[in-house]
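Below is one structure, written out as structure tokens; the observations come after it.
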Amino acid sequence: DNWNNAIQKCDGDYVIMLGDDDGLMQGYFSTAIGLIQKFVNPDFIYTNAFLYAYPGVMPGVPEGFLRTYSQREIFKHASEPYWLEKNKAMELVEHSLNFKVMFDYNMQFSLVSRRLIEEMKQYGAFYQSPYPDYYASNAMLLKAQRVLVVPQPMVAIGISPKSFGFYYFNDAEASGNSFLKNLPDQSMTDRLQAVLLPGSDMNNSWLVSMETLVQNFKREFNLRVSYDRYRYIQICSVYAGMVLEKKSASDVYQQLKQKMNVRESVCYGLPFSLLAKIAWGRFRASIAHRIVASTQSHPSIHMPSVAGNFKTMLDVFEQVNPVSVAELIEK
């Protein structure tokens, strides 16, 4: 609701959605205007970005960090801006519907034309579902004909104590969802009752986001949500929690056992239960990681670190020149 209220109030020809812990890098506006003019008004511009963890936010990294998304598949083979081919855009959406993140959904990556925002009004609010960025980023790829990809990092995405990322990375997902107050539509939840499994709220919100996408665009595109894939990654999340002996993991596991079908119980339940029983001591984290990694929902990609002492977002802005960022990346 906040995001939709903001987008209704703004009046620019191009719009970017930022949280109060994010930042635009040096030269953002002049670079953006130059790109819009040179490439004659793209439907939206998808730029590279930095990921900035404020000090004291990420477990194991108390000093925080600044990293780049430069090794993401969509950026790593390009040195100059390029047009994203329509068949590639559709392929990225198909991966999302198959619960594989092959591009980053955060709205900070996208500078969106007013023309595209107006066109998407026919499908309802621009931001929909519990995860509005998951929905909107994929919806834009479906509707846009001219998507410009820029490998230069133009924004910094912050993870602060008030970010959902803080709750997620600190094993407090339920508190994060309560903080966001993002709840799925009850009719959608009712329709998906036969599909939904107990486990990660993130996976459930991802499912609802993709189901919303399919419902809105089914007349134009042949789209299908992979329920089997959703259920597999949800099952893996529960068993990983069991291995790590997370709080309430046993209760969730009991709920899961009642809802798995025969094939899931045999193919996943039996081997994962065995792993949970034999996991001990220092091997628990490794086994849990392997269970989750087997889903390939979030491909492991190296994010190069940028050298520097960044206590605030202002330090990032003042100390980092995106044009020469390659010189700052630690070897």
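The values are calculated or read from the model by the stated rules, or taken from the named source; none is laboratory data. Please read all numbers here as calculations on a predicted model, not as lab measurements. Every residue, glycine as well, gets a Cβ built from its backbone with ideal geometry; the counts of neighbours run over all protein chains shown. The protein model used for the area step is the full one, side chains on, heavy atoms only, and it has no ligands, DNA or RNA in it. Shrake-Rupley method; radii C 1.70, N 1.55, O 1.52, S 1.80 Å.
Among strands (runs of 3 or more DSSP E) entirely within segment 15-107, having at least 2 residues that are open to solvent by less than 20 Å² (accessible area, probe 1.4 Å) singles out 44-53, 65-68.
Within segment 97-115, residues that are closer than 19 Å to His298 by Cα reach partners that are modelled with pLDDT under 95 and basic (Lys, Arg) with beta carbons closer than 9 Å, at six or more positions or on different chains, in the pairs Met102/Arg72; Phe103/Arg72; Asp104/Arg72. Given Lys257, Lys246, which one is touching a residue at least 24 places away in the same chain (Cβ under 8 Å) and of a type in the set (Lys, Arg)? Result: Lys246 is the single residue among Lys257, Lys246 that is touching a residue at least 24 places away in the same chain (Cβ under 8 Å) and of a type in the set (Lys, Arg). Residue selection: Tyr123 fails the criterion of being over 13 Å from the mean Cα position of the chain (by Cα) and crowded, with 19+ Cβ neighbours inside 10 Å.
Among the residues of segment 1-14, the ones that are outside any helix (DSSP H, G or I) and either open to solvent by 80 Å² or more (accessible area, probe 1.4 Å) or in contact with a His (Cβ under 7 Å, 6 or more places away or on another chain) (or both) come to 3 in all. Scan segment 224-238 and give yes if some residue there is in contact with a Pro (Cβ under 9 Å, 6 or more places away or on another chain) and not small (Gly, Ala, Ser), otherwise no. Yes, segment 224-238 contains at least one residue that is in contact with a Pro (Cβ under 9 Å, 6 or more places away or on another chain) and not small (Gly, Ala, Ser). Just so you know, in segment 238-278 the residues that are part of a helix (DSSP H, G or I) and of a type in the set (Asp, Glu) include one that is most open to solvent (accessible area, probe 1.4 Å), and it is Asp251.
Just one of (1) assigned to a loop (DSSP other than H, G, I, E, B); (2) touching a helix residue (DSSP H, G or I) at 6+ places or on another chain (Cβ under 9 Å); (3) not charged (D, E, K, R) fails for Gln215. It is (1).
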